[in-house]
1. Which distance in Å, rounded to a whole number, links the C-alpha centroids of region 26-58 and region 151-176?
2. Quote the relative contact order of region 17-98 in percent (integer), defining contacts as alpha-carbon pairs under 8 Å separated by 6+ residues.
3. Going down the table (Lys82/Lys180; Lys13/Lys108; Lys63/Lys180; Lys63/Lys101; Lys82/Lys165; Lys82/Lys108), which pairs top 23 Å between alpha carbons?
4. Counting helices only, and only those DSSP H runs with n ≥ 4, report the 222 nm mean residue ellipticity of the chain as the sum of -39,500 (n - 2.57) divided by its residues, in deg cm²/dmol to the nearest 500.
5. Which of the aspartates and glutamates could a cross-linker span from Lys104 if the Cα-Cα distance has to be under 14 Å and same-chain partners fewer than 8 positions apart are dropped?
6. For region 17-98, just list the percent of Cα-Cα distances falling in each 5 Å bin from zero outward, please.
7. Which aspartates and glutamates, if any, have their Cα less than 18 Å from the Cα of Lys32, not counting same-chain residues under 8 positions apart?
8. Quick one: net charge around Tyr75, please, counting Lys, Arg +1 and Asp, Glu -1 for every other residue with C-beta under 14 Å from its C-beta.
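No value in this document is a laboratory result; all are computed from the given coordinates. Just so it is clear, the model here is predicted, and its values are computed rather than measured. Reconstructed Cβ throughout: ideal geometry from the backbone, glycine too, with neighbour counts over all protein chains shown.
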Amino acid sequence: MPADKKHPTYAIKINTKRQAWEFGAGSDMEHKMINCDRIHEHPDGIYEVFTKEASEGKGQMAKTGDYFKVDEENYPSPCERKWFQENHQHIEDDWYLQTAKPLKIWRKDDGESEEIDFLTGNGLLNINPGDPDHYFSAMLWGTLETAHSDAVIVFYDVNRDENGKIMSINFNFVDAGYFKSNYRIIEQG
């Protein structure tokens, strides 16, 4: 990681109208994803979701009542029910409008980051400089996920104690192409 210190970078989602489906509701999209082996339904109400970033033959884990979206390449990605409902407004049918709010981001060439230091220091994120295809790796949604060196780390929630010390971080990898099409870098004061 570069030693130079930069101001944090923020981005806001610009493509906020999206289709989404609830796991267990029996939607046509859920059946399609199951039939093409992108989602495995387990008998205990758990779903294994094979995202673009899933590795080692394991998918992300979701449960009945959670939601999923499908990207342009026909890969599903799960959203935890509570987070989805707090950050999306139902428009009609399976269309939702996501609340666009500034989110802190980090890319491999960015300077020092308190969040990255927390994640790497606690074994929650691994950075593998010798492997650009699997530069980032982390346990996300119950499975090991990897991302290319040009991926963007998006911090959805950074939870701090009363003294400002980071206690936990909700984050994910975002593919560089998807980020470029769906997010805009913003100035944050």
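1. Using only Cα atoms to place each centre, the spacing works out to 26 Å.
2. Numbers: 138 pairs, mean separation 26.2, N = 82.
Result for region 17-98 is 32 percent.
3. Values: Lys82/Lys180 27 Å; Lys13/Lys108 20 Å; Lys63/Lys180 30 Å; Lys63/Lys101 26 Å; Lys82/Lys165 25 Å; Lys82/Lys108 30 Å.
In this structure, Lys82/Lys180; Lys63/Lys180; Lys63/Lys101; Lys82/Lys165; Lys82/Lys108 exceed 23 Å between Cα atoms.
4. Numbers: 4 runs with 30 residues, N = 189.
Value at 222 nm, helices only, nearest 500: -4000 deg cm²/dmol.
5. The qualifying aspartates and glutamates are Glu112, Glu114, Glu115, Asp157, Glu187.
6. Bin by bin from 0 Å, the calculated values are 3, 16, 28, 27, 18, 7, 1, 0.
7. Glu22, Glu41, Glu48, Asp66, Asp71, Glu72, Glu73, Asp93, Asp94
8. Numbers: positive: Arg18, Lys32, Arg38, Lys52, Lys69; negative: Asp37, Glu48, Glu53, Asp71, Glu72, Glu73, Glu145, Asp175.
Overall, the nearby charge balance is -3.
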